[in-house]
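Working notes, structure below.
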């Protein structure tokens with residue numbers, strides 16, 4: 001497995017070079033994160049459909065458990081269970097809008113993941129950076145598990161576990177564990193763990209800092225010791241249930257799944273689940289005794305356990321909902337952890353927005369009112385009062401306010417409008433509003449993905465690596 | 001599935017054109033052989049190892065259930081469950097010997113399967129034709145199920161069910177059901193069903209013709225009605241047991257398989273099987289209560305049921321052994337059907353050669369003596385007397401002899417020597433003589449194949465077809 005080990009060293013060296021100002025050595029982490037023999041135990045796969053333009057190239061790669069739905073390009077990249085989802089790549093001729101900017105695409109957009117490492121990261125390729133209109137590059141980036149990269153060209157970064165980089169272009173940064181970033185660009189910056197930071201230039205600025213000690217109980221990360229904490233344990237403990245979906249080539253469609261719902265064949269359903277019309281259950285989502293109302297979604301790496309989602313609910317990448325009832329159009333952001341014990345009911349009112357990376361972990365009954373914004377760490381009713389605000393109140397804010405550990409600046413109205421717009425656009429893109437003819441989305445089109453399974457070499461110098469594979473549109 | 005249908009029509013038209021002198025229309029058969037929707041139900045796969053040079057190209061293809069281990073090229077070819085086994089392709093620089101001829105190969109040999117149909121055919125690419133030193137073409141050929149093509153460039157042929165073309169280049173022929181051909185070249189010829197025909201130019205000539213009426217009980221074929229008969233029913237009835245190996249990505253290695261044995265992951269083992277050292281159990285072989293002694297093999301599409309093979313036994317592609325005990329070095333040729341009822345024992349003595357396409361089907365005890373050649377249709381002791389000869393007696397024949405429906409001409413000595421040489425070379429190639437260091441063969445190297453699974457498009461005009469895929473040696 002010499003060539004694979006050399007490749008990892010090469011990427012470590014590059015990331016260290018790019019992060020040299022922080023005097024960081026990512027080597028000890030990168031070498032230990034996955035015992036080298038594990039690379040032989042897993043296969044990689046890629047999804048094909050008839051409507052995503054493809055031009056796949058996997059060159060001298062180690063890539064396990066990854067899906068690429070659109071035009072693609074990978075080089076010497078270790079990806080190990082990282083999912084790169086390219087089903088929203090832009091097409092040639094499309095108009096790329098970014099604020100007041102508007103660009104016409106000359107070519108179909110492609111993913112580029114050149115010399116990059118990434119391990120167990122979810123990359124969703126809806127690029128928001130007009131400087132990279134036709135490409136979605138990542139070059140070299142090392143992640144701790146369960147990081148999300150959402151619309152972000154990268155280069156030489158280190159992402160802590162459960163970190164999310166959203167609508168953000170990041171260069172040469174270290175992003176702390178469980179941090180959430182949403183801003184235009186960030187370079188040469190070290191972001192502390194548990195930083196929730198949204199910065200829309202002159203319009204609004206949202207900054208919440210998790211209390212360091214309390215956060216460590218949920219996510220504790222050290223580059224030498226690795227990842228620990230409640231969130232990590234929760235996810236790891238569910239891993240065995242995924243075994244079967246990866247062992248089997250064709251799966252039977254379970255009962256109680258509406259014919260107009262998209263249940264990804266790499267999702268897990270256990271117990272008694274109901275999947276209504278226009279529901280999207282994405283790859284590596286885990287549902288157990290989950291009742292998904294019309295147009296609700298469970299995005300990649302979500303967990304919905306003993307829960308009922310009334311309808312048109314967005315459960316963003318990596319969000320976890322355990323023992324809860326969510327009314328209509330509740331939004332639960334990336335990597336949010338929403339959990340009650342079964343004994344004490346947790347209810348969330350209609351239209352409420354649970355910010356990305358919110359931790360709600362209650363051992364007492366809690367009723368979260370409708371149309372509120374909720375953020376931070378909430379373990380009881382007092383925490384909820386400190387870390388929530390009625391959306392109409394927030395809309396009235398014109399300059400700034402502080403509440404607990406939150407500091408908000410700018411237009412509350414713009415902030416609420418931006419969120420509501422995004423929720424609507426997610427629902428639409430995912431096919432929640434499909435009427436049988438129009439507004440088709442992922443919930444409809446993702447029913448027809450053909451997944452191809454590729455395996456690494458089992459012997460020789462390339463052991464653990466994959467052959468060079470090119471897949472093209474038909475040539476006739 | 002329009003494009004797939006068009007492709008089938010195109011191939012039918014070409015094969016009909018090439019067979020026009022026989023006034024044959026293969027269309028009714030080709031259109032009906034596989035209901036078009038079946039193409040969506042199966043996946044194709046290909047094997048990769050570190051030691052077979054690869055340069056795969058699958059272009060605008062429908063190919064399900066196929067394995068390609070070496071350098072390759074496929075174009076608009078429907079292959080459906082046809083296995084193309086390219087693990088004996090010759091390398092650049094190798095010397096290709098054919099009789100007294102000797103050629104040096106300039107390039108790695110490649111498979112070419114251009115516009116060809118083929119359905120459920122086994123193609124084993126050890127080419128014997130010096131006119132095609134670096135290529136193994138098939139161009140366009142339609143087969144009924146369970147045909148074998150072994151070392152044969154082809155073009156515009158129609159092969160009946162269970163027909164075998166062995167060490168033979170065939171152009172524009174129709175080969176009848178269950179016929180076996182071994183000769184240098186054959187073109188523009190119609191071969192009757194049940195013709196067993198070996199022709200080594202001036203050296204020997206072996207011709208046996210099955211009684212037509214009796215053969216129909218075992219294999220009955222009509223281009224309109226399709227395939228029927230005991231052999232076909234036997235194979236079809238075992239198909240459900242293959243389901244699991246195709247459903248699952250990784251299979252556990254069963255007990256009682258020697259660590260120096262190669263059990264292909266697409267083989268089926270049922271009941272209590274013992275697999276000794278240096279045994280090769282190839283893809284789609286079926287073993288049930290089979291005891292495989294040291295160095296024995298079960299090649300592709302074999303069935304070994306309630307049987308004991310003492311050691312160094314060759315069970316060639318598609319041979320079936322049911323309720324029998326085989327002593328050391330018994331050779332059972334391609335598609336032979338050797339069956340007793342469990343009540344009456346069938347034993348075959350050491351060193352005996354069961355000719356390809358022999359049918360031994362007995363309801364009474366039968367003891368086949370050692371060192372004999374056995375051929376034709378045998379249903380009792382009288383048939384055996386008519387259809388067998390001691391190998392030392394055969395070796396004495398210098399001009400010709402007739403026995404029952406067999407007509408032999410030429411040197412019996414050369415015939416026996418050629419067979420014995422081939423048996424030894426098969427054993428060696430398959431690794432039967434591996435001593436832990438030297439004479440490595442398939443039984444050793446085939447333990448490390450990585451199988452990659454590819455699926456057809458599920459929607460759109462290309463429904464049922466595969467994308468264009470290129471797989472290369474690493475490029476660095």
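Annotations
- Using a Förster distance of 30 Å, the FRET efficiency for residue A:222-residue A:242 (Cβ separation, nearest 0.05): 0.70
- Sequence-separation-based contact order of chain B, relative, with Cα cut under 8 Å and 6+ spacing, percent: 12 percent
- Gyration tensor verdict on region A:271-331 (Cα atoms; rounded if a/c is under 1.5, prolate if a/b is larger than b/c, oblate otherwise): rounded
- Debye log10 I(q)/I(0) at q = 0.16, 0.17, 0.21 Å⁻¹ for region B:112-267, Cα point scatterers: -0.97, -1.04, -1.26
- Overall form of region A:309-368 per C-alpha gyration tensor (a/c, 1.5; a/b vs b/c): oblate
- Cα convex hull of region B:210-264 - mean projected area over all directions, nm²: 6.8 nm²
- The label point for residue B:31 and the one for residue B:403, both projected 7 Å from the Cα toward the Cβ, are 4.9 nm apart.
- Among beta bridges that DSSP assigns inside the protein assembly as shown, antiparallel share in %, nearest 5: 35 percent
- With the helix formula -39500 (n - 2.57) applied to DSSP H stretches of n ≥ 4, chain A reaches a computed 222 nm mean residue ellipticity of -4500 deg cm²/dmol.
- Sorted from closest to farthest, the other copies place their residue B:38 label points 4.3 nm away, with each point set 7 Å from Cα along Cα→Cβ.
- Applying 1/(1 + (r/R0)^6) with r as the Cβ-Cβ distance of residue B:213 and residue A:472 and R0 = 51 angstrom yields a FRET efficiency of 0.45.
- Spatial separation of Cα centroids for region B:92-146 and region A:99-121, in angstrom: 44 Å
- Going by neighbour counts of Cβ atoms within 10 Å, the residues A:234, B:408 line up, fewest first, as A:234, B:408.
- Shape class of the protein assembly as shown from the Cα gyration tensor (axes a ≥ b ≥ c, square roots of the eigenvalues): prolate, since a/c reaches 1.5 or more and a/b is larger than b/c.
- Label-to-label distance for residue A:233 and residue B:255 is 3.8 nm, based on points extended 7 Å past Cα in the beta-carbon direction.
- Antiparallel DSSP beta bridges within chain B, as percent of all bridges there, nearest 5: 30 percent
- Compactness of region B:410-470 - radius of gyration and Dmax, Cα, Å: 21.2, 61
- Fewest neighbouring Cβ atoms within 10 Å first, the residues B:372, A:323 line up as A:323, B:372.
- Residues residue B:435 and residue B:104, FRET efficiency given R0 of 35 Å [Cβ-Cβ distance, rounded to 0.05]: 0.70
- Shape analysis of region B:137-227 yields a ratio of the Cα radius of gyration to the Kirkwood radius, Rg/Rh, of 0.96.
- Distance between the C-alpha centres of region A:415-432 and region B:308-366: 70 Å, rounded to the whole angstrom.
- Label-point spacing at residue B:345 relative to the other copies reads 7.6 nm, in ascending order, each point sitting 7 Å out from Cα along Cα→Cβ.
- Counting neighbouring Cβ atoms within 10 Å and putting the fewest first, the residues B:468, A:17 line up as A:17, B:468.
- Cα→Cβ-extended label distance, 7 Å offset, between residue B:367 and residue A:187, nm: 9.0 nm
- Stokes-Einstein D for region A:211-352, Kirkwood Rh over Cα pairs, 20 °C, 1.002 mPa s (µm²/s): 138 µm²/s
- Rounded to the nearest 5, the antiparallel percentage of DSSP beta bridges internal to region B:165-214 is 30%.
- Using the average count of surrounding beta-carbon atoms within 10 Å as a protection proxy, the listed peptides A:195-204, B:190-199, A:297-306 rank, highest first, as A:297-306, B:190-199, A:195-204.
Every number here is computed from the coordinates shown, using simple stated rules; none is lab data. Every value quoted in this text rests on a predicted model; they were computed, and no experiment measured them. Quick reminder, even Gly has a Cβ in these numbers, built from the backbone with ideal geometry, and neighbours come from all protein chains shown.
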